[in-house]
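What follows is a short report on a single structure.
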Amino acid sequence: MFKICSIGCGAMAQRGHGPAYAKYKKDYPGTVLAACCDINEDRAKKFSEDFGFEAYYTDYIKMLEETNPDVVCLLSPVDLTCPMAVEIIKKGFNIIMEKPPGKNCDEVLTILKAAQENGVNVRTAFNRRYTPLITELKKRIAETGEKIINITYQMYRWHRYDKDFSTTAIHAVDAVKYIASSDYKRVTFDYDFKPKYGENVKNIFINGEFENGVFTQISLVPVGGVVTERLTVNTHANTFFVDLPVWGNIDVPGKLTHIANGREITVITGDMLSNSTEMFELCGFYDENRCFFEHIRHKSETTNDLESAIQSVEIEDYIRKSKTLYKA
């Protein structure tokens, strides 16, 4: 019996993670969705009913003590992630957290230290890393045998007048880092502030160089006219265009186009890779949870991917504070 508990039953839990848990239970016999928790009792009750949890709570400590799960899924606002994660880890529970795993590097390092001291499995849920189209992109780049020259990434939104867009922007920052398979060496930031829409509302334009020599340009435009995320990867003789599926965007189910030496080689859509049109699968939520659950279930060597998240969080914090130059 493999028991899963989830904390936080808000919009992202409802859209992305809840359906992933339900599918995992269906696909892997012996899985028990033991309990879910939210400070809003009605929301917790609905989440349990919608996705098949056996119980619901408003007190997550009581939930953990009474159910003793194999893994805890923490889907909390970023302001609460660090203290809650540390408390859960110190009780000896494996944990997967929604991104970002803290507001700054100090918080990530605090969680990392607790995980190391308590010997538990910890993962940050950067779902772009598990999006089937990006998994396929990474595979096809490797098959060319060529070095990446540059990566461009465009993240556009409309009417996103967030005071702090950095917690969404981190998706692009981390996805490019993941595709480049390297740490950032140097990053410059330019900002187009939109004060008439609110405090710290801004479009963000990033130029970066990675330690392995790959260059990137990232455009983050929350004050635009469309919801979309598109990226391009160039090697010497190959170009890959990827249109990612995102809720409410025009590119669902997403598409990867491979062009080599001026000729179209292949076009693959997201539903071809996942055999599904469900957004929680197209966007990587199922695979990010499934991979972590299976790692724990088979008692593999303890995994902790927080170190890979530190620099992404550091750059996210630069965006939050409107800094203009980052050097590793």
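Every number in this text was worked out from the coordinates using simple rules, so none of it is lab data. Just so we're clear, the structure is a prediction, and the values are computed from it rather than from any experiment. Here the Cβ positions follow ideal geometry from the backbone for every residue, glycine too, while neighbour counts run over all protein chains shown.
Fewest-first ordering of GLU264, GLU87, GLU314 by other beta carbons within 10 Å of each residue's beta carbon gives GLU264, GLU87, GLU314.
Cα gyration tensor of the stretch 104-187, axes a ≥ b ≥ c as square roots of the eigenvalues: rounded (a/c below 1.5), prolate (a/b > b/c) or oblate? It is oblate, given that a/c is not under 1.5 and a/b is not larger than b/c. Only beta bridges with both residues in the chain are counted; by DSSP, about 60 percent of them are antiparallel. For the stretch 238-315, the mean projected area of the C-alpha convex hull, equal to one quarter of the hull surface, is 7.9 nm².
When both the stretch 188-205 and the stretch 206-234 are represented by their alpha-carbon centers, they are found 16 Å apart. Ellipsoid fit via the Cα gyration tensor, the stretch 1-109: semi-axes of 21, 15, 14 Å, each the root of five times an eigenvalue, largest first. For the Cα trace of the stretch 174-328, dividing Rg by the Kirkwood Rh returns an Rg/Rh value of 0.99. Exposure proxy ranking for SER76, SER274, SER300, SER181, based on other Cβ atoms within 10 angstrom of each Cβ and starting from the fewest, stands as SER300, SER181, SER76, SER274. A Stokes-Einstein calculation at 4 °C with viscosity 1.567 mPa s, built on the Kirkwood radius of the stretch 40-179 over Cα pairs, returns a diffusion coefficient of 74 µm²/s.
Taking all Cα pairs closer than 8 Å and separated by 6 or more residues, the relative contact order of the chain comes to 19 percent. With a 10 Å cut-off between alpha carbons and a GNM built on the chain, which of ILE134, ILE259, ILE88 moves the most? So, out of ILE134, ILE259, ILE88, the one fluctuating most is ILE259.
Taking ALA237, ALA85, ALA55 as the candidate residues, the one with maximal mean-square fluctuation in a Gaussian network model of the chain, Cα springs under 10 Å, is ALA237. Of interest is the spacing of the C-alpha centroids, which for the stretch 289-315 and the stretch 48-76 amounts to 20 Å.
Neighbour counting of Cβ atoms within 10 Å sorts the residues HIS17, HIS295, HIS236, HIS171, fewest neighbours leading, into HIS236, HIS295, HIS171, HIS17.
Equivalent-ellipsoid semi-axes for the stretch 49-101 (Cα gyration tensor, √(5λ), whole Å, largest first): 18, 14, 10. Size descriptors for the chain: radius of gyration and Dmax over Cα atoms are 19.8, 61 Å.
Rounded to the nearest 20, the Cβ-based charge dipole of the stretch 172-300 about its Cα centre (Lys and Arg +1, Asp and Glu -1) stands at 180 debye.
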